[in-house]
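The values are calculated or read from the model by the stated rules, or taken from the named source; none is laboratory data. None of these values were measured; they are calculated from a predicted model. All Cβ positions, even for glycine, are placed from backbone atoms using ideal geometry, and neighbour counts span all protein chains on display. Just so you know, the surface numbers come from the protein's heavy atoms only, side chains and all, with ligands and any DNA or RNA stripped out. Shrake-Rupley method; radii C 1.70, N 1.55, O 1.52, S 1.80 Å.
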Amino acid sequence: MNALSIALKEMKHDIRDKRNLVFMLAFPIVLMVILGLALNNAFSSSASVGDLKVLVNNTSTGMLAQSFGKFAKATEPEGIAFVTASADTDGQKEVRLNHDTAYVELSDSGMKLYTSESNLVESNIVEGMLRVFADKYNAAAAVAAVDPAQAASLFNDGGADYVKETSIVADREPGSVDYYAMAMAVMLALWGAFSAGFLIRREVVRGTAARLIAAPVKKADIFIGKVIGGVAINFICVLILILFSKYVLDAYWGEHPLAVCGVLLSEVIMSVSFGLAVSYVVKEGSARGILMLIVQLASFFGGAYFPVQDGGGGGFMQVVSHLSPIRWANDALTEMIYGGHLMEAWRVMGLNLALAAGMLALSGVLMSRREGL
């Protein structure tokens, strides 16, 4: 009961601090609106291409030549023209000069494709279609080795889908407003470390620490009450941000609201525990600077201000980004909201709560060893 009374007192104190409350809500909301609207085009995944021209030097014979001829004819309605290169045409040079999208050399021994890095979208389209053709032809050739009669129908099929292809594409992907609504909510959850760094220090500065110690209240009740109050007020701010983004900016939060709240609540608990632990470990007066530095670095590298993409090189930015709790939560929310996968959310919640338990235990031990708070 004493712990709940202290928690309620902490919440009232934070609500009365209008300056801090406005900053906690106004800054992420303004940032969400500005970045979400300004970078709207950067999150668009649609791209339009015109008709594609592919030069072909075809020296193949037999079934391969016939199959490729039918394949080229079937792609014409899709805006891809396979044009036979003249004898004096340097196909590779034409591609380098961007006169043609790609250049194909086809012979009985195989197929070579030359594309330009300056036209990646068009080149990928051509490469994908040729890969499908090669896979289907190889499948028919494998059948021919076992049953030539059956293979003949496959070679003369003219493009039947005897090789089924399935593309897994999300029904929806995040736009700029969706992304920054999620990123700002996670960042605001991590900001709980700022106020937690002063949960105990505040009593010392105001001169009420001695009164709390003298009161018939256990140190454990004071500790638990302050943690509950800090978590509650910060989580309320996160919920306000979510509701604003959903009903004012029309941000998408998926079909699992309780799981979303669970991830963000675990982030708040972890951040409050972290701020409290830092306030006990470092010298007085240094906690705020250390928390500011760590939280801002975690926000920057974790994708709060711009999306951080995974690359194949495993560079410094990629490695550091995976150390940020903001990145953990962003990835979990993205998987859950746009992929419907809850496993990553459970993993992140477990990790956050495990870290919180360790830091709370450390803070509790250090508090019990002090004469005062």
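Residues that are open to solvent by 10 Å² or more (accessible area, probe 1.4 Å) and over 16 Å from D14 (Cα atoms) are absent from region 225-234 altogether. Of the residues making up region 240-257, those that are in a loop (DSSP other than H, G, I, E, B) and farther than 10 Å from A185 by Cβ are V248, L249, D250, Y252, G254, E255, H256.
Does at least one position in region 198-213 carry a residue that is among the polar types (S, T, N, Q), open to solvent by 30 Å² or more (accessible area, probe 1.4 Å) and free of Cβ contacts under 8 Å to residues at least 40 places away in the same chain? Looking through region 198-213, none of the residues is among the polar types (S, T, N, Q), open to solvent by 30 Å² or more (accessible area, probe 1.4 Å) and free of Cβ contacts under 8 Å to residues at least 40 places away in the same chain. When P216 is tested against (1) within 20 Å of A26 (Cβ to Cβ); (2) assigned to a loop (DSSP other than H, G, I, E, B), only condition (1) is not met. Which members of region 73-111 meet the condition of being open to solvent by 70 Å² or more (accessible area, probe 1.4 Å), among the hydroxyl-bearing types (S, T, Y) and not in a loop (DSSP other than H, G, I, E, B)? Answer for region 73-111, where residues must be open to solvent by 70 Å² or more (accessible area, probe 1.4 Å), among the hydroxyl-bearing types (S, T, Y) and not in a loop (DSSP other than H, G, I, E, B): just T84. Among the numbered criteria (1) farther than 23 Å from G358 by Cβ; (2) of a type in the set (F, W, Y); (3) modelled with pLDDT under 90; (4) open to solvent by less than 60 Å² (accessible area, probe 1.4 Å), which one does Y280 miss? So the condition that Y280 fails would be (1). In region 337-354, the residues that are without any contact (Cβ under 8 Å) to a residue 40 or more places away in the chain and more than 15 Å from L264 (Cβ to Cβ) never reach a residue that is among the basic types (K, R) and open to solvent by less than 60 Å² (accessible area, probe 1.4 Å) with C-beta atoms less than 7 angstrom apart, at least six apart or across chains. S299 satisfies every condition listed in (1) at pLDDT 90 or above; (2) open to solvent by less than 70 Å² (accessible area, probe 1.4 Å); (3) hydroxyl-bearing (S, T, Y) except (1). Here T61, T84, T75 are screened, and the one residue that is of a type in the set (V, I, T) and more than 45 Å from the chain's Cα centre (by Cα) is T61.
If you take the residues in region 359-373 that are without any contact (Cβ under 8 Å) to a residue 60 or more places away in the chain and assigned to a helix (DSSP H, G or I), which one is surrounded by the fewest Cβ atoms within 10 Å (Cβ to Cβ)? Here the residue is R369. Listed conditions (1) assigned to a helix (DSSP H, G or I); (2) open to solvent by 30 Å² or more (accessible area, probe 1.4 Å) are all met by H341, apart from (1).
Is it true that some residue in region 50-62 is crowded, with 16+ Cβ neighbours inside 10 Å, of a type in the set (V, I, T) and either touching an Asp or Glu at 6+ places or on another chain (Cβ under 9 Å) or modelled with pLDDT under 80 (or both)? Yes, some residue in region 50-62 is crowded, with 16+ Cβ neighbours inside 10 Å, of a type in the set (V, I, T) and either touching an Asp or Glu at 6+ places or on another chain (Cβ under 9 Å) or modelled with pLDDT under 80 (or both).
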